[in-house]
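A quick write-up on the structure given underneath.
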Amino acid sequence: MTTRRLLALLVVTALALMTIDTRGSGPFGSVRSAAFAATSPLRSTVAAAVGPLSATWNGAVHYGEVVDENERLRADLARLEGEVARLPDVESDLAALREASGLATDNAVPKLTAKIISDRDTGVERIIEINRGSEDGLVAGMPVVVGSGLVGRVLDVYGDHRSTLRLVNDPRFQVGVSGVDSGETALAGGDGDGRPLRLEIQAQGLAGVDDGERFETNAFSERFPPDIPVGVFRFDQASNTATLEPFVELDSLVFVTVLLTEQPE
Amino acid sequence: MVKTPWPKSLAILAALSVVQVAVFDQFWIGGRVRIDLLLLAVVSIGLHADVRQATLLGFVVGLFVDVFRFGPFGMYALIFCLAGWVLASNGTRMLQVGPLFRIAQGAIGVLLVTTATWTAAAVFGQRPPAFGNDSLISIGLTAAIGGLLLAPFDVVTRQMVNTAPTGTRVPRTDMVRADQ
């Protein structure tokens, strides 16, 4: 047999072997397994003996890479630790966002979610800024709510994306409310931070209201859509005063929703 | 006709395969290159054996590689068979340059076989190193190391191939005439 014929025969044989193996038939898998099994004791023994040498060699050869990777991993670890530390804040924001978005208001009223970007107490008043402004369609007077109820209203729109709020507990805030059960109307107004809303209600109407009754905005207010939860009725016998405990936790606001209602001139 | 001492050759190749898998597969040079004893064997055979012997031994060496590597069984048999044939067909011219150029001869041989291996791997759906600076450096390192190691490796190959010492060949004029 000439060398060229031998070469051709070997090439064809090799291609045939590859075809058989690719199709999944043939004993090649078994041959490989048997070969690895047969050499496994020797490989294990040599690996155990050579392993430390191999590790030393690879460590020496790759020392620079190991150092670089170590530094990279340290940086990654520091970054991930920072992200983990921020997780409670993220979860809190998410909960607040869900709270702000889950509204018991008329779905036909257009809404805009806003984030509170600053909350300052000047000693005279509490100034709360949100990241929405004229570019977002805000106008002074628009109601501001969260899922649990009324927060206040937009006080001043002073930038494309900046506005201030007046909260329900601000002494200058007022809103018309009605009892959900009794139907009694009243005027609720702020009485300062940490204090319930004062309630101005007619004496004869007071008799029909039970302690714990839910009060919501009523249809008599020009600025506020009706049926926005405001607070829970409380009556103090000693001081003979009626108040509303706001539904909204005004000290833990993160996200709020502005109701883009038309405002009177 | 040159006869190959098959029992001794098969025993040597089996031993080389085991040593490769057990020892040299654990060491990486520069993070990129391993010493491949069977690759050195086929290059050395190609440079020292006659064409027929190199072709057949290349095929057998390739089968040993196929047993211990993954990929289509027969791929390395094909590559090393062709490598043995190409190197043996041109090895006389290469050796005539002189023994001082043995390293270059070995490097060229290793370079050709490695390139052929990567090409075949890509053709047959395996995953060779992605072509780029890293792969060029790898193949350069492989060739350089192969060239340096080939001369001492000839001692092993000489047991499989009937050659005279120090790179001279057994005259094969009768085989040349037979091929023609």
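Every read-out reported here was derived from the displayed coordinates using simple, explicitly stated rules and does not represent laboratory data. Here the structure is a predicted model, which is why all the values come from computation and not from measurement. In this analysis, Cβ positions are derived from the backbone assuming ideal geometry, glycine residues included, and neighbour counts consider all displayed protein chains.
In the range A:201-265 the Cα-Cα distances spread across 10 Å bins starting at 0 as 17, 41, 30, 12, 0 percent of all pairs. To the nearest µm²/s, what D does Stokes-Einstein give for chain A at 25 °C and 0.890 mPa s, using the Kirkwood radius over alpha carbon pairs as Rh? The estimated diffusion coefficient comes to 99 µm²/s.
As a proxy for reagent exposure, ranking B:154, A:89 by other Cβ atoms within 10 Å from fewest up yields A:89, B:154.
Extension gain, residue A:19 to residue A:202, is 56.2 nm, computed as 0.36 nm per intervening residue step minus the present C-alpha separation.
Taking each residue as 0.36 nm, the span from residue A:115 to residue A:131 lengthens on full extension beyond its C-alpha to C-alpha distance by 5.2 nm.
Counts of other chain beta carbons within 10 angstrom of each beta carbon in peptide B:41-54 average 1.
At full extension, residue A:38 and residue A:91 could sit 13.4 nm farther apart than now, given 0.36 nm per residue minus the alpha carbon distance. Rounded to 0.05, the FRET efficiency of the residue A:75 and residue B:8 pair, given R0 = 41 Å and the Cβ-Cβ distance, is 0.10.
Couplings 3J(HN,Hα) of the range B:151-160, computed from phi: 4, x, 6, 4, 4, 6, 5, 4, 6, 9 Hz, in residue order, whole Hz [Karplus 6.51 cos²θ - 1.76 cosθ + 1.60, θ = phi - 60°; x for Gly and Pro]. Measuring how big the range A:62-101 is from its alpha-carbon positions, Rg and Dmax come out at 17.1, 54 Å.
Listed by chain and number, the aspartates and glutamates whose alpha-carbon sits under 12 Å from that of residue B:3, ignoring those within fewer than 8 places in the same chain, are B:50. Taking label positions 7 Å along the Cα-Cβ direction at both residue A:53 and residue B:141, the computed distance is 2.0 nm, reported to one decimal. Each Cα pair under 8 Å and six or more residues apart adds its separation to the average, and for chain A the resulting relative contact order is 17 percent. Computed from backbone phi, the HN-Hα couplings of the range B:61-67 come to 4, x, 5, 4, 5, 4, 5 Hz, rounded to whole numbers (Karplus: 6.51 cos²θ - 1.76 cosθ + 1.60, θ = phi - 60°; Gly and Pro given as x). Dividing the helix sum by the residues of chain A, where each DSSP H run of 4 or more adds -39500 (n - 2.57), gives a mean residue ellipticity at 222 nm of -13000 deg cm²/dmol.
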